[in-house]
Every structure is written in structure tokens, then in C-alpha cells.
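Bear in mind these aren't lab numbers, they're just calculated from the coordinates by the rules spelled out. Since this is a predicted model, take the numbers as computed values, not measurements. Cβ coordinates were reconstructed from backbone atoms using ideal geometry, including for glycine residues, and neighbour counts include every protein chain displayed.
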Amino acid sequence: MSNIDLKELKEKAKEIRIKTIDSIGFLGVGHIGGAMSIIELLTILYYKKMKIDPINPKMADRDKLVLSKGHAGPALYCTLADKGFFPVKWLHTLNQGGTKLPSHCDMNMTPGIDMTTGSLGQGLSSAIGLALSMRLDNIDRNVFAIIGDGESQEGQNWEAAMAASQFKLNNLIAFTDYNKMQIDGYTKDIMPIDDLEAKWKAFGWNTYRINGHDFSALDNTIDSARQSFDKPIMIILDTIKGKGCSFAEGKLNNHNMPFTYEEAKEAIKILEETNV
Amino acid sequence: MSEKDMRDVYTETLIEMAETNENICVMEADLMTATGTKPFKEKFPMRTFNVGVAEANLVGIASGLSAGGKIPFAATFGCFAARRTFDQFFISANYAQQNVKLVGTDPGVSAAFNGGTHMPFEDTGLMRCIPNLVIFEPSDTVSLKKLIKQAADHKGSTYMRLQRKGKNSLYKESDKIVLGKGNVLKEGSDVTIIASGYVMVPEALEAAELLGKEGIKAAVIDMHTIKPLDKKLILEYAKKTGALVVCENHQKACGLFAAVSEMLAEELPTPVQAVAVEDKFGQVGTLEYLQEVYGLTASNIVEKTKKVLERKQIRVGVQNG
């Protein structure tokens, strides 16, 4: 990836981060922590990797994304709005009655959302179904799935892990947003999920572990994952929960936290003044 | 009698549909042998997915296949289809407005030798709480075939209670069977017996015969579709006969009896009596033994019919002052 590309992606991630803080801040409460930790991933997927068309969100031969940790929806909405799937002004309707941007992703409400999620642990199974459909339709694209680290405690993920391997789904690329925190505390204290790489490998997946905020690593790893011959791919992302949001970054209570619009504006100002 | 078992008709119908509709898929969770879908796999290996003993994943993958435009028929024992996968079926399939055709086999006492752990008396009830879901229970091989085809055409998820074993045929191939509409199998003016499923519809017909010998004219309706309920037909017969008995191989709470009673309570309060499982868990035994134990028999239908007719008489007496 050229330095120009890298700078552009960093700028774009900053914009999406700002929009996400603004959108949740306008409401006054939301899942800021887990939204911030996947901004780089969403940015590179939607701006560099995925074949999509904002004008034709249901295009048959597109890449698809299942945001299994559906509570990070606001980060995805800001990415989709920025891409032009729907007007940016929708972002201030987040979670308001009658909105098309509900707290958790809904494929029947929001243009660009490929699967409804929200009940943790279900998204990877859905992603397998989408990947099998692509195979049946001879569509040579990818299904991307993003699961949370706390979410990895749900048993259904491991049923899905076995199945994706058995079905040799090399078109399925999953990510674990390993930000090390969940609602009640640190993942290591509540219910440890290590060794994630060893676990997924044992279930028959190709695995990678990278810094989830490093665009170069994301770029190389996703390209490499796409070359998988007959295995599904799990990319474990070491991330920071709340990354880039001054009052939330690294805070244990940032899963679903209240904050004022003034606090949001302050955090946005700090971001704007930071060079990428 | 049909030449084929219910499950053979299930698979044969899926194969027939799959010949012309490339979106039809079959999913199993290590019960392919029990459901009898191996012939489908032989014919369409690429469209058959066995996920092993993992029912949550079964419904999850089915939801994803649907989101990718496929029409998955996913089967497992009814106890697992309803209890084990309820959240997956609720959220990933129904809340997400998918087109998943979930099949719960061995409804109620037909789980027989698998016993209490495998005996779904509550699956219809759980499923009734899912908005817009279509729920049906074919009573014979002919209606099974016709109803599966309509379920495949229906845009949205469905839940079918499937009796796997048995060759009963109550209908002729030429009979009209429509998803969402009850079938009147026998006319009668004194009381209406509404029944659903392979076990109870024949018992209802037998009960009507027995009642006939005592001069009681009972109408019998096969209410194969539990949701949406055929309100029009039930109201017509509630007006015509003034008393109803509802028979189901299921808990009395939250099933067909509840659906009929809820509707009548709002539209046309009418005496209704249930022939259903009375707040009990399942147990092991032969089908015949279990029908006796839980009162799912023609003789109990006769008894309950007489009871509801007494209530009807009292009601008529009160109305007449």
C-alpha cells in the first residue's frame, strides 16, 4: 500500500470516528467502546477491499459483511453514510423512534446492511449461510464477519467454527475484535477466551493475529486471507476499546456509556487537531 | 392408506420442488436418517447441509442461506426445533424477515420411545409467539405434500409439525387443501370438533362416528394451519353449532385450543372444551399408551363433547330466560 493510500485511509478513519462520536453523542448514550475499536477495519473493508455499490446495495455479486457484534452498528452506519448508501443526516436519528438506524444492525431497515444481528453469537452462522449461497450461485466474492471477544463466549460460534471448516468455506473471512473488555469487566477476568489463535486453528481455520488499528497489517492480511485454498479464515485483531475517543478509550465502562453532546464535541475537537 | 410413510412424502416433495426450483435446500442436524432426506442428498448433494448435532447453528445457517436467496428446509426433532433454537429462529430467521422453513418432527406423543426429553408439547405454543410466522401440522400424506408446496411458495418463515412415521391418507389427491384454511371433513349441527395433526384428526373423526350413534351430530374440521388461524371458518361453525371441542397433540396452554379460545373470547364467546395435554411433561411409552395417558383419544373427545354440550344447553337455557 502506498503512503498516499495509507494517509487517505487514516483520514477516512478519522472522519468515520468523528461521525460515530457525533452520532452517539447527539443521542447521549450508546455503544461507543466497541464501535471505536473496529473503525480501521470498517474503513479498509468499505474503502479498499469490498466490492459494493451504494446506489445498488443489493447488487448480486457484492461482498457481504455480517456485523455479528451488532451493537457496533453506529460505526457501520457512519461508514455506510459516508459511502453514500443513505443521507448523512440520518445519523442524528440513531435509536430515535421511527429511525432507520436502530441500535443493532437490521438488514430490512438500513441500506447496505447485509444481515440482521444483535443477539450475540448468531452472526457467524448467518455468515456461513451467506457464504454457502455465494458458492451455490458461483459468485466469487467474500463474506466478512466481525465477532466480538466477549461474544466469543457464546457456544454457537464454535458450532459455526466446526461447520465452516467442514464446508471448506475459503470465501468466509472472519475477524475477532479482541479489545479485551466486555460489559462486566476485562474478558480475562469474566471468562477468558485465550488462546484464540490456537482455538480457531484447532477448529480447522487459517488464523492471523495483527494490530487491528494498523492499516498496513490489515491490508496485507486481508489480501493473504483471500488466497486461502480450502479453509475459512479468522483474523484476530488486537484492538483498544474506545480507541480515539478521548473520554472513552480504554475505560472499562465504555461498552454502553452515557455522555453529553458537549463531551462528544470535545472529543471530536481533540481528534480534529490530531494529525494522522 | 398411502403406500409411503409421511417422511418419504416429505423428502419426495422436496425433491420434486428442487427439480424446478434451484433455491430449495435441505438442512439436517444429524437426523437425516430419521427424517429420511438421504434421497435428497443423493440427488442434490450441493444443496444438502448436515451441520451435525448443533441445532442453533442449523437455524443460524438456514437464516444466512435465506439471506442469500435460498429456501432452506431445516428439520430436527420438534423438541429441539422449538426449544433449542428458539432465539435463533426468533431473531436470525423471523425478526430478520427470512424465509426459513423449519420442520419439527415427532410432535407430542409421537416421540413415543424417545420419551419425555424428546416430547414437544409446547412447540406450537412457543412458535405462536413469533409474529407473522406460519404454523401448520399436516394430518396425512396428501395434505403434507400440498401444504409443503404452499409453504415453499410462502414468502416468510414457516414451522411445520411433521409426523415422520405412518401412512394415513384422509384426503383424495383432488381435494383442495389451502394453507391458512381449515378443511371441513364432516358436517354436523350440534357441535364442532376442531383437530390438528396426524394423531388427533383421525381420533376426531372416530369420535364423531361414536357421537353419531348416540344421535349427536358433530362437524369435524381439520385445522392443519394453526397460524394464521382460519377465523372465518371457526366463527361460521361456532354460530352454526354453538359449541366446540379442540383437539391437539400438544399442551392445552398456548396451542390450537388457546388460539381458538382467544379468538372466540373477542369475537363470539362460545363454550369450548379442550382435548389436549393438561400441564404435564412427556414420558416414554408406545403411541397408544401415551394417547391413553394424556387423554388424546376418541373416547375422551366424546366425553369432552358431552361436557361442552351440557354447557351449551345451560347457555341456551339462560338465554331463553
Legend entry - Gaussian network model of chain B, springs between alpha carbon atoms under 10 Å - residue of B:Lys176, B:Lys240, B:Lys217 with greatest fluctuation: B:Lys176
Legend entry - In segment B:1-85, GluC sites (Glu not before Pro) in a DSSP loop with at most 16 other beta-carbon atoms within 10 Å: B:Glu3, B:Glu22
Inset, instruction - Give the residues of segment A:206-250 whose amide nitrogen is closer than 20 Å to a point set 7 Å from the Cα of A:Met59 in the direction of its Cβ. - result: A:223, A:226
Legend entry - Cross-link partners of B:Lys43 among aspartates and glutamates (Cα-Cα below 19 Å; sequence separation of 8 or more within a chain): A:Asp137, B:Asp8, B:Glu12, B:Glu16, B:Glu19, B:Glu22, B:Glu28, B:Asp30
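Considering only Cα-Cα distances, which of the following residue pairs are longer than 28 Å: A:Lys69/A:Lys188; B:Lys167/B:Lys232; A:Lys201/B:Lys101?
Numbers: A:Lys69/A:Lys188 19 Å; B:Lys167/B:Lys232 31 Å; A:Lys201/B:Lys101 33 Å.
Result: B:Lys167/B:Lys232; A:Lys201/B:Lys101 exceed 28 Å.
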Inset, instruction - Report, as an integer, the average count of C-beta atoms from other chains found within 10 Å of each Cβ along A:117-127. - result: 6
Inset, instruction - Considering the convex hull of the alpha carbon atoms of segment B:212-321, report its projected area averaged over all viewing directions, in nm², one decimal. - result: 7.9
Legend entry - Peptide-level mean, for A:156-169, of C-beta atoms on other protein chains within 10 Å: 4
Inset, instruction - Give me A:Glu272, B:Glu187 ranked fewest to most by other Cβ atoms within 10 Å of their Cβ, as a rough exposure proxy. - result: A:Glu272, B:Glu187
Inset, instruction - Report the one residue of B:Gln98, B:Ser143, B:Leu14 whose Cα lies farthest in the direction of the positive end of the charge dipole of segment B:6-162 (charges on C-beta: Lys and Arg +1, Asp and Glu -1; origin at the Cα centre). - result: B:Gln98
Inset, instruction - Shielding by partners for A:107-115, please: the mean number of other protein chain Cβ atoms within 10 Å of each residue's Cβ. - result: 2
Inset, instruction - Please report, in debye to the nearest 20, how large the charge dipole of chain B is about its Cα centre when each Lys and Arg carries +1 at its beta carbon and each Asp and Glu carries -1 there. - result: 500
Legend entry - Relative compactness, segment B:6-162, computed as alpha-carbon Rg over 2.2 N^0.38 Å: 0.92
Inset, instruction - Based on other C-beta atoms within 10 Å, arrange B:Ser110, B:Ser66, A:Ser228 from fewest to most. - result: A:Ser228, B:Ser110, B:Ser66
Legend entry - Degrees between helix B:6-20 axis and first principal axis of chain B (Cα, 0 to 90, nearest 10): 50
Inset, instruction - Would you work out the relative contact order for chain B, in percent, from Cα pairs under 8 angstrom that are 6 or more residues apart? - result: 17
Inset, instruction - Specify the residue with the greatest mean-square fluctuation among A:Ile147, A:Ile240, A:Ile183, computed from a Gaussian network of chain A linking alpha-carbon atoms under 10 Å apart. - result: A:Ile183
Legend entry - segment B:288-321 residues near the modelled B:Ser2 label - backbone nitrogen below 12 Å, point 7 Å along Cα→Cβ: none
Inset, instruction - Quick one: of A:Lys100/B:Lys252; A:Lys49/A:Lys269; A:Lys51/A:Lys199; B:Lys4/B:Lys176; A:Lys14/B:Lys155; A:Lys10/A:Lys100, which pairs are farther than 32 Å apart, Cα to Cα? - result: A:Lys100/B:Lys252; A:Lys14/B:Lys155
Inset, instruction - Mind giving me the nanometre distance, one decimal, between the label points for A:Ala198 and B:Gln283, set 7 Å out from Cα along Cα→Cβ? - result: 4.9
Legend entry - Within a Gaussian network of chain A (alpha carbon springs, distance under 10 Å), most fluctuating of A:Asp149, A:Asp189, A:Asp53: A:Asp189
Inset, instruction - From the P(r) of the protein assembly as shown, can you give the percent of Cα pairs sitting at distances over 41 Å? - result: 35
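Add -39500 (n - 2.57) for each DSSP H run of 4 or more in chain B, then divide by its residues: what number comes out at 222 nm, to the nearest 500 deg cm²/dmol?
-12000 deg cm²/dmol
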Inset, instruction - Provide B:Val51, B:Val293 in ascending order of the number of other Cβ atoms located within 10 Å of each residue's Cβ, fewest first. - result: B:Val293, B:Val51
Legend entry - Reachable aspartates and glutamates, given that their alpha-carbon falls under 16 Å from the alpha-carbon of B:Lys280 and they are not under 8 places away in the same chain: B:Glu122, B:Asp123, B:Glu248, B:Glu292
Inset, instruction - Would you list, by chain and number, the aspartates and glutamates whose Cα falls below 13 Å from the Cα of A:Lys168, excluding same-chain residues fewer than 8 positions away? - result: A:Asp230
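What size of dipole, in debye to the nearest 20, comes out for segment B:6-162 about its Cα centre when the only charges are +1 on Lys and Arg C-beta atoms and -1 on Asp and Glu C-beta atoms?
200
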